[in-house]
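One structure below.
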Amino acid sequence: MTPRVLSRELKSLTQSGLIDRKDFGEVPPKVEYRLTRKGKSFVPVVAAIRQWGERNLSETAALAEAAE
């Protein structure tokens, strides 16, 4: 991921209210990001998607290997 893409994604997540950005106004620049309450509420959704992938995609990979 390029710095430009990362910057764009962080800005989008900030605008959507999923993360907060804290700029310390230092040189060199120091910035911290953290999940908001809204962002933390999304963690179970991501965990559920991950679990689904582990269950279902590993089966697909095993079937593909068995077919070879």
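The values are calculated or read from the model by the stated rules, or taken from the named source; none is laboratory data. Predicted model, so just to flag it, every value in this text is computed and none were measured. Cβ atoms come from the backbone with ideal geometry, glycine included; neighbour counts cover every protein chain shown. Surface areas here come from the heavy atoms of the whole protein model, side chains and all, with no ligands, DNA or RNA. Shrake-Rupley method; radii C 1.70, N 1.55, O 1.52, S 1.80 Å.
Summary table
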item: Tabulated pairs, region 35-60, first closer than 10 Å to Leu18 by Cβ and touching a residue at least 12 places away in the same chain (Cβ under 8 Å), second open to solvent by 80 Å² or more (accessible area, probe 1.4 Å) and among the polar types (S, T, N, Q), C-beta under 7 angstrom, 6+ apart or interchain; result: none
item: Count of residues meeting criterion [in a strand (DSSP E or B) and open to solvent by 60 Å² or more (accessible area, probe 1.4 Å)] in region 1-42; result: 8
item: Output for region 5-49, where each listed residue is acidic (Asp, Glu) and out of contact with any strand residue (DSSP E or B) (no Cβ under 8 Å at 6 or more places or on another chain); result: Glu9, Glu26
item: Qualifying residue in region 44-57 (condition: modelled with pLDDT under 95 and either in contact with a Gly (Cβ under 7 Å, 6 or more places away or on another chain) or open to solvent by less than 80 Å² (accessible area, probe 1.4 Å) (or both)); result: yes
